[in-house]
Amino acid sequence: MAVANCSGQNMNSQHFDLDTSWSMLVQHHPTPVIEIGGMLGTQLLTFWLPAACFTICDLLAWPTLQRYKIQPANKQPDPTSIARDAFLGSLSNQLLTTTLHALQLLLFHVILRRPELGYSVAPSLPSLGVFARDFVLCMVAREVIYYYAHRVLHHPLFYTRFHRQHHRFRTPVAMATLYAHPVEHIVTNILPIAWPARLFNVHIVTLWAFVGAVGLKAALAHSGYRLWETPDGWKPEVHDLHHELMTVNYGLIGLMDRVHGTRATEKPKKK
């Protein structure tokens, strides 16, 4: 009996719940390593992996897959543009994101010695309620910031200098999601994510979920494939229309487009 109890206690001691595992991770690893490692892992899994899968489908161009393309074959970018320009452009902006993140960590943790100025890497995980609240707040704030920044970039003064690079791909492909001028990348892809996370001081795990959701939806929006429609009316065709018409669907989730009357789910019918 004593042996059984000892065995049971041993099993219990080896069983860790999620919160305990996270606490041990924070205790045994430097905060900057956790922060940047988790961010890179999130971006790899939620953007680069889906984008790579869609790119393989684009390059194979199998007739079965082409049936699901939103735009016809004669409007698709050539394989060289996808493999060289879109990939290298997106990769360079990924490196820019990671470099800026690393510099921020260097500033807060080494130069200023004020780690509390960075993102919250608390030793305990947020409750489900706090996680959901902060996630929604970040998504809404991101939508507002991104929408207005995106519309400003469509002004002739800024479009020619910055935003035209992204719209070089009039027919979107997933790998070109981050293909943009570095200034645009900072204004529309980095700040609308970083500012809400700092404003609401969200837990780093919430930030990872936020980044993952934005990255995955952006990759799907630029995929160029008919996939599915969510209950709120979102589908890849919505952002495809933005690239084709350039006067509608400036946001990601459609909230601000509905507010400003720029939401469109199909081409206007010719009279």
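The values are calculated or read from the model by the stated rules, or taken from the named source; none is laboratory data. Every value quoted in this text rests on a predicted model; they were computed, and no experiment measured them. For neighbour counting, all protein chains shown are included, and Cβ atoms are generated from backbone atoms with ideal geometry for every residue, glycine included.
Below, the figures for the structure above:
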read-out	value
Conditions (1) under 23 Å from residue 214 (Cβ atoms); (2) surrounded by 12 or more Cβ atoms within 10 Å (Cβ to Cβ); number of the one not met by residue 103	(2)
In the stretch 119-142, residue nearest to residue 251 (Cα to Cα) [restricted to those that are of a type in the set (Ser, Thr, Tyr) and touching a residue at least 40 places away in the same chain (Cβ under 8 Å)]	119
Filter result for the condition that a residue is over 26 Å from residue 84 (Cα atoms) and in a helix (DSSP H, G or I), over 264, 197	197
Helices (runs of 4 or more DSSP H) wholly inside the stretch 28-71 containing at least 2 residues that are touching a helix residue (DSSP H, G or I) at 6+ places or on another chain (Cβ under 6 Å) and touching a residue at least 12 places away in the same chain (Cβ under 8 Å)	31-43, 49-60
When residues of the stretch 215-271 are limited to those that are among the acidic types (Asp, Glu) and without any contact (Cβ under 8 Å) to a residue 24 or more places away in the chain, the one nearest to residue 193 (Cα to Cα)	232
The lone exception for residue 227 - which of (1) of a type in the set (A, V, I, L, M, F, W, C); (2) in contact with a helix residue (DSSP H, G or I) (Cβ under 8 Å, 6 or more places away or on another chain); (3) at pLDDT 95 or above it fails	(3)
Subset of the stretch 21-49 [hydroxyl-bearing (Ser, Thr, Tyr), farther than 14 Å from residue 204 by Cα and either in contact with a Leu (Cβ under 8 Å, 6 or more places away or on another chain) or at pLDDT 95 or above (or both)]	46
Subset of the stretch 138-164 that is of a type outside the set (A, V, I, L, M, F, W, C) and buried (at least 18 other Cβ atoms within 10 Å of the Cβ) - its residue that is nearest to residue 55 (Cα to Cα)	163
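Conditions (1) at pLDDT below 95; (2) aromatic (Phe, Trp, Tyr); (3) in a loop (DSSP other than H, G, I, E, B); (4) out of contact with any Phe, Trp or Tyr (no Cβ under 6 Å at 6 or more places or on another chain), marked per residue:
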position	(1), (2), (3), (4)
144	no, no, no, yes
149	no, no, no, yes
158	no, yes, no, yes
161	no, no, yes, yes
171	yes, no, yes, yes
175	no, no, no, no
180	no, no, yes, yes
184	no, no, no, no
